[in-house]
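In what follows, a single structure is set out as structure tokens and then discussed.
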Amino acid sequence: MYKLLIADDEPLEREGLELMIQKCLPNQFQIFHAENGRLAIQQMEKHQPEIIFMDLKMPGIQGLEAIEEIKKQNPKIKIIILTAFDYFSYAKEAIELGVNDYILKPAKKEKIVSVLKKCISELEEELLNREKELKMKEKLGHLFSISESECALMIMMDAVSETDVDELLSLLKIPHRTSVAFVIEFSDIKMEEKQDLYQIVKRYMKNKQECICSPLIDHRMTIFSFPSDQDMTRNQWITLSMKWLKEIEKRTNKKIKIGIGTLQKDIQGFKKSYQEALLAVTSQSYFGRVKHISEVEAAHDSDKKEKNRALLNSENTKGLDIALQFISDHFHEDITLEEVAQLMNFHPHYFSKRFKQETGQTFSDFLTHMRIEKAKELMKQYHLNVKEISYYVGYNDPNYFSRVFKKVTKMTPKEYRNQLQKNK
């Protein structure tokens, strides 16, 4: 039912009009009365009618004055003037105020019905257009969310050319002058908690900075912040990040670590900032304990050297365990047997032979199976598409990833996901 207000100082006029409407258009209107302009304004504020019949000559606030005030508060309301005064000046002012019709008393029943049907038709069309508009906004919001995730993953995984990332940043209306990357890592989260945690962090960070957020993959998510203040010192970034860390922990009720990169320009710089932030997290440094951001820079510049020194254990039986841990931590990167052998201070041929003896698989097969197992875990997160999963587990070409997945599992990613849904 639509709400209709009749504003007229004559009770018989109001009652007669209500009776006519209820008889000709039954069960379509909830009708309210007002005997002057002041009460018409108050009734409008209280009941929010879609349609108003307004007399012009009433005690106190006149009809045109009431219409002007009502239109200020609700420009979309339908107003029909119903008056005995056939003055051009009144009609002209009414048109300027945006009334829908001007009817002279005594009004014919057919005219009243015709005007109301026209108003109802307009209201229904406006409602339909509003519904279409909201659906379009919803679709655009979903597309923006997908574009945002893909853009972040492209930077992190160096998956496509810079031009593609530029286009996505432009689509997202981000003037990417400079960026700082943050990597947030949760300690102990359940699969069913991930979507809620992701939304909490994303909403919080977007309220603080212009940024794009990667999906929450496994137990980490990355935020590329585009600060408006280009002159913040490194210590100021540390202080600000600690505030964010405490607030996110409070909102999620989870312990987290946060790594931060340095302020960088252009797409390759953003990737460097991400690698610095990732290093800060994976090196087990709570950001609050980092004395200065230059420590992160130094760690990045001498990354492999420091890890080699810390992990060197070639004479110890735990050496292979360290290599396996390194592969587990870096499976999504373009790591090679030679790189891991160098890390362990082994000759690549010797390391390859020993690796197969201990694991029963070649280095390449082991890495492939680890990536596919991780992909299978991610299949349970229905908000991640195949392209996002392929990037995360280290494949820059989603089609190639699909072929490898089928070779290992005997199913395509789509078939595997469908099987997961059937088994739920």
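Below are the figures for this structure:
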read-out	value
Kirkwood estimate for the chain, i.e. one over the average of 1/r between Cα atoms, Å	27.0 Å
For segment 197-265, convex hull volume per residue from C-alpha positions, Å³	92 Å³
Residues with amide H under 5 Å from that of K3, placed H, sequence gap 5 or more	Q30, E50, I51
Net charge of neighbours whose Cβ lies under 12 Å from the Cβ of E10, counting Lys and Arg as +1 and Asp and Glu as -1	-3
Largest-first principal axis extents, alpha carbons of segment 72-187, Å	76, 32, 26
Rounded D (µm²/s) - segment 324-424, Kirkwood Rh over Cα pairs, Stokes-Einstein at 10 °C, 1.306 mPa s	109 µm²/s
Formal net charge of residues neighbouring E126 (Cβ-Cβ distance under 11 Å; K, R +1; D, E -1)	-2
Label-to-label distance, nm, for residues given as E333 and N129 (7 Å Cα→Cβ offset)	5.6 nm
Whole-Hz couplings from phi, Karplus 6.51/-1.76/1.60, listed for segment 86-98; x for Gly and Pro	9, 10, 4, 5, 5, 5, 4, 5, 4, 4, 4, 7, x
Accessible area of the chain belonging to carbon and sulfur atoms, whole % at 1.4 Å probe	50 percent
DSSP beta bridges in the chain [antiparallel fraction, %, rounded to 5]	50 percent
Solvent-accessible heavy-atom area per residue, rounded to whole Å², over the chain at 1.4 Å	55 Å²
Alpha-carbon centroid distance for the pair segment 49-106 / segment 360-424, whole angstrom	67 Å
Straight-distance crosslink candidates among lysines, where the alpha carbon sits under 17 Å from K108 and sequence neighbours closer than 8 are dropped	K23, K117, K118
Cα principal axis extents for segment 163-214, largest first, Å	36, 22, 16
Packing rank of 97-110, 267-280, where each peptide gets the mean count of other beta carbons within 10 Å, highest leading	267-280, 97-110
Kirkwood Rh, Cα atoms: Rg over Rh of segment 28-135	0.97
Mean Cβ neighbour count within 10 Å, used as a protection proxy, ranking 80-89, 59-68 highest first	59-68, 80-89
Residue-count net charge about D86 - beta-carbon cut-off 13 Å; Lys, Arg +1, Asp, Glu -1	+3
P(r) histogram, all alpha-carbon pairs of segment 120-224 included - 5 Å bins from 0, percent	2, 10, 18, 20, 15, 12, 8, 5, 4, 3, 1, 0
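The values are calculated or read from the model by the stated rules, or taken from the named source; none is laboratory data. Worth saying up front: this structure is predicted, and the values here are computed from it rather than measured. Glycine gets a Cβ as well: all are built from the backbone with ideal geometry, and neighbour counts include every protein chain shown. We work out accessible area using only protein heavy atoms, side chains counted, and drop any ligands, DNA or RNA first. Shrake-Rupley method; radii C 1.70, N 1.55, O 1.52, S 1.80 Å.
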